[in-house]
Amino acid sequence: MTRNHVESLELVTHSARETFDIGTRLGALLAPGDTVCLEGDLGSGKTCLTQGIGHGMGVDDVITSPTFVLINEYIPSQRGGRLYHVDLYRIEREDDLVTLGLEDYIYGNGITVIEWAERARDYMPRERLWVTLTYLDPSSRRLRFEAVGAHYAEVVRALREALTGHAADDAAANTAANAAGNTGGNAIGME
């Protein structure tokens, strides 16, 4: 029997810059073939996080939401591969996903970031990183990272360590410190 690796991390950001910075850290950790699924209401920070991911990958171009074109492709200047930024907001039927060729991107050699991924949940790879973004107030967002699979679990552990300086074993202590109002100087609070 194979073990299903699941790892999660929950953060609260207090500005668009913090959301972007988390994306930058995440982008530096991703590898070709990775899929990041983003879920959240309009204005929850999906595109901002994607902009940070692109920055972390070395994309110099301005990253914009591909709402009307559905997919934007970016080439990082600092490393190989591609960033495929997919927006499924306008997808209405499963046939549209086939026409779009979504599986070609997901199972290709680039890093694929999919906004509104919940609209195509059945098409997402079994192993993936799912990020749920929740609007808390005009400047604050909750980001919940749920990794399914050993590779993505390692990405989430590395992200936690990059953001807090603490390994996964220290996460419980860090969460307790945050609940007490002591984030140890980190601008980003862990939940």
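A short reminder: the numbers here are calculations on the coordinates, not readings from a lab. What you see is a predicted model; the values in this text were computed from it and never measured. Every residue, glycine among them, receives a Cβ derived from its backbone with ideal geometry; neighbour counts consider all protein chains shown.
Coordinate range of the alpha-carbon atoms in region 8-173 per principal axis, descending: 48, 35, 31 Å. Per-residue extension of 0.36 nm, minus the Cα-Cα distance of TYR123 and SER77, leaves a gain of 13.6 nm for this segment.
Extension gain, THR64 to GLU161, is 32.0 nm, computed as 0.36 nm per intervening residue step minus the present C-alpha separation. Of the residues ILE111, ILE53, ILE63, the one with the fewest other Cβ atoms within 10 Å heads the list, and the complete ranking is ILE63, ILE111, ILE53.
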